[in-house]
Amino acid sequence: MTPDSNCIEVAIALPIENTFTYAVPETLSSFVSVGKRVLIPFGRRRITGYVLAMTETSAQSQVKLILDVLDENPLFPPSMAAFFRWIADYYLYPIGLVVQCALPGGINPYDFATAALTEAGNKALSGENLTPLKREILERLTSEPLKLKSLAKILNKEIPYTLLRDMEKQGWLIRQNVLESGKTKARTERYVSLTASDISLEKLSEPRKRILEILQVQGEVSVRQLKAEVPTAPSLVKSLESKGLVSIFEKRVCRDPFGEVIEPDKPPCLTQEQEKVISEISAAMGKGFAAYLLSGVTGSGKTEVYMRIAAEVIRQGKSVLILVPEIALISQTERRFRARFGECVAVLHSGLSAGERYDQWTRILNKEAQIAVGARSAVFAPFEKVGLLVVDEEHDSSYKQEHDLLYNARDLAVVRAKLDCGVALLGSATPSVQSSYNVEIGKFTEVRLTRRVESRPLPEIQVVDLRKNRDERGIRHFISPELYAAMQETLAHKEQVLLFLNRRGFAGFPVCAACGDPLRCNNCDITLTLHRAANIYKCHYCGFTLNADSKCPTCNSPGIKLLGLGTEKVEAALNKLFPESKISRMDRDTVTRKGDLLQILKSIRNREVDMLVGTQMVAKGHDFPGITLVGIICADLSLCFPDFRAGERAFQLMAQVAGRAGRGDVPGRVILQTCNPTHFSIVAAKHQDFRRFYEREIGFRKALKYPPISRMIQLKISGMSKDKTSEFAREIGEICRRLQSRDPDFSAYIIIMGPVEAAVSKLAKHYRWQILLKGLKAGILHRFIHRLKNEHPQMFHNRNVRIVADVDPLSMF
């Protein structure tokens, strides 16, 4: 550290929980600010750091200097630093990795080690005293220097560090670190403009004249656009530049993720309920933090409410963030917001290319967009201050990320609204028990929409007991007479049908007819699913596949019985029952490529499809005005999971998919097939009565002290050795109990459940165990985990077994 340097607090993108202090040399001090990336020395490496705060001095005597400032402008506003700190603290995750998770991917430079052959090494190749491995290494380096990782991969051998060091001492090779820039960058195009306005067009060829005429009318024009008018433009503009008639320069352009142009819409007339909700929430704007739960039946116009309130927020000069649970819904929501607000709308989601996401991020930073629409990762949109955060379909479990940073975007939206003194608006026709409980205890304010727009009635729901069909075979086993008759009637009226089954594939339980063993995944403790179109058995967890003509691995018998049901089998059955009808399927198997989903949605909207078969993708907020009949093939599937939230998810899924019916001018109808017609989730879904469901469910949660009454942290334990993983799980369980016994708060407020094997005990070759920590106070649970990490750090850095703390877990298996 020099006398002429200030200090900055830096977070690094490594699994290290602390931040670090670095000094800024005077030559770089004017370029450093919060939100920028800096290149820093860290051990023997050069890595990327994120500036979180500026400080004048440091208590440390030896503070390293930063090497460079990587950004011209900040990648996130200073106000987001507090948001990142909150996330790191609550979700027990290194803050540098939190920032890295938030930012567009592929932008960080990285440092890698290379090896290059020296003249002495070249001479050594002619000698006879080289070991085979040393000779291979030197021979590979004769053509060009290589990354050490690439060298090991080419040789298909591990190269000992001591061997490389010895070869370096001999002077045969040089090892050095090379810094490579990030892969994601701004896109630029060549543009052309006139150098003067009074250019004479005489003595010029016709193509050159045409180019200059275009530039006189349009000003700056890209070479790509000129080429569309004049095919030889790329070479001609160079000759025009050499004559001083035009200038050619690089200009940054935005990669457009939207595609088609959207026509402006005309706002509809509001219902009295909509006007009341909009008035109440708008009145809270500018008065500090407020959180609302908009409980509105399907088709009640929640999106219009969002747009009207968003317009008021934009008028006040603030930003708006709209979260939807799935990429599948973004297109519909983005179209509606662009039709209303034009080009000030940005989109952020994982379906964009790295470059598209970077451009959308930059548009927000440059204040070119005041509204962002996206899936869960859009909660990190780099707005300076967010006036309104909307979480549509707030009950959806897709808001929870299940890898790396295990955050819940719904909860983070509320936190960010609080930090920005904005309004959080959570909307759903089937609110989560968590949000409804927050209303009950006064954290949220509930506003309601109890009627559909244009006085459209809610669909009539008929429950069909599938136990009556237990002796049926083939199609009739899962298409009841009631559903079949309703489908015939609907198609006769030229209306559309939606059939819902939350299981993809053709047959989900293939078993050997000879020995009775099911076909299982080699990597997971799960049965394979037949996908007939792809002609394979496939694991839906790890992707492992077997050919469809595979024999039983236990007894080698070729006779495999295809038990179980999936959307592919339903589609095949419908093609036999209704050969004249156009049938489409919407699940992960049919929307693998970019644009597939939009094509399916467009075909439904244009009435090119008579029947749609789908998984939960079809249940999430889509507006299909032509669908008047919804058939729920088997409502019991969601009830069978070993999870205390199974009843909640089943009710939400049934009510949501039922809400796709009757959203146009014709009333809707729902046939709900079940083997358990008296289950309270089924009964509540039949009557579309969320309050009835909530009162019953919250009673169970209070009695058993499950969330939302309590808080929970799940310790996920996994390893490739079955014995080592189970031994580790039991050891960490004993450590937890000893730690609990030593602290009165831990003994009084924390319940330790487990360790136990996970419901799916093996996934992707990893054996899985879990421990659940349940407590009434989140602070004490967090203190318990911090104490566990501090006193037993070796348990969290085990080479053979991994342990991850999942705060507020949604998946119990």
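The values are calculated or read from the model by the stated rules, or taken from the named source; none is laboratory data. Note that the structure is a prediction, hence the values are computed from the model and not measured. FYI the Cβ positions are ideal-geometry reconstructions off the backbone, even for glycines, and counts take in every protein chain you see. Just the protein is used for accessible areas: all its heavy atoms, side chains included, with ligands, DNA and RNA removed. Shrake-Rupley method; radii C 1.70, N 1.55, O 1.52, S 1.80 Å.
Remark: the range 601-614, residue by residue, has Karplus-estimated 3J(HN,Hα) of 4, 5, 5, 5, 4, 8, 6, 8, 10, 8, 9, 10, 10, x Hz, where x stands for each Gly or Pro and the curve is 6.51 cos²θ - 1.76 cosθ + 1.60 at θ = phi - 60°.
What is the log10 of I(q)/I(0) for the range 678-761, computed with the Debye formula using one identical point scatterer on each Cα and no solvent, at q = 0.21 Å⁻¹? Rounded to two decimals, the profile gives -0.99. Working note: Cα gyration tensor of the range 349-497, eigenvalues times five, square-rooted, sorted largest first, giving semi-axes of 41, 21, 18 Å. Taking the Cβ of F20 as the center, what net charge do the other residues with Cβ under 9 Å away carry, scoring Lys and Arg +1 and Asp and Glu -1? Around F20, the surrounding residues sum to 0. Bridge orientation summary for the range 1-158: considering DSSP beta bridges with both residues in this region, about 95 percent are antiparallel. With both residues required to sit in the chain, DSSP beta bridges show an antiparallel share near 60%.
With all protein chains in place and a 1.4 Å probe, the accessible surface of the chain carries 49 percent carbon and sulfur.
Peptides 659-671, 120-132, 583-595, 604-616 ordered by packing proxy, namely the average of other Cβ atoms within 10 Å per residue, highest first: 659-671, 604-616, 583-595, 120-132. For the chain, the solvent-accessible area works out to 47 Å² per residue, with a probe of 1.4 Å and every protein chain left in place.
Per-residue Karplus couplings for the range 268-273, computed as 6.51 cos²θ - 1.76 cosθ + 1.60 with θ equal to phi - 60°, are listed in order as x, 5, 8, 7, 4, 5 Hz, Gly and Pro entered as x. Values of log10 I(q)/I(0) for the range 661-813 across q = 0.09, 0.10, 0.14, 0.20 Å⁻¹ run -0.43, -0.51, -0.79, -1.19, by the Debye formula with one identical scatterer at each alpha carbon and no solvent. Packing-based ranking of 201-207, 515-521 yields 515-521, 201-207, ordered from highest to lowest mean Cβ neighbour count within 10 Å.
Compactness of the range 415-515 was expressed as the Cα radius of gyration divided by 2.2 N^0.38 Å, which yields 1.74. Which of rounded, prolate, oblate describes the range 706-748, given a ≥ b ≥ c as roots of the alpha-carbon gyration tensor eigenvalues and a/c under 1.5 marking rounded, otherwise prolate only if a/b is larger than b/c? Verdict is oblate for the range 706-748.
Considering all alpha-carbon pairs of the chain, what whole percent are spaced by more than 44 angstrom? The proportion of pairs with Cα distances above 44 Å equals 40 percent.
Ordering 359-370, 35-46 by mean Cβ neighbour count within 10 Å, with the highest value first, yields 359-370, 35-46. When both the range 1-54 and the range 641-693 are represented by their alpha-carbon centers, they are found 54 Å apart.
Distant-in-sequence amide contacts of R503, defined by a placed amide H-H separation under 5 Å and a gap of 5 or more residues or a different chain, comprise T567.
With the convex hull drawn over the C-alpha atoms of the range 78-145, the volume per residue is 156 Å³.
Convex hull volume of the C-alpha atoms in the range 542-663, normalised per residue: 159 Å³. Which entries in K287/K602; K36/K251; K418/K602; K36/K620; K153/K724; K147/K227 show an alpha-carbon gap greater than 31 Å? Beyond 31 Å between Cα atoms: K287/K602; K418/K602; K36/K620; K147/K227.
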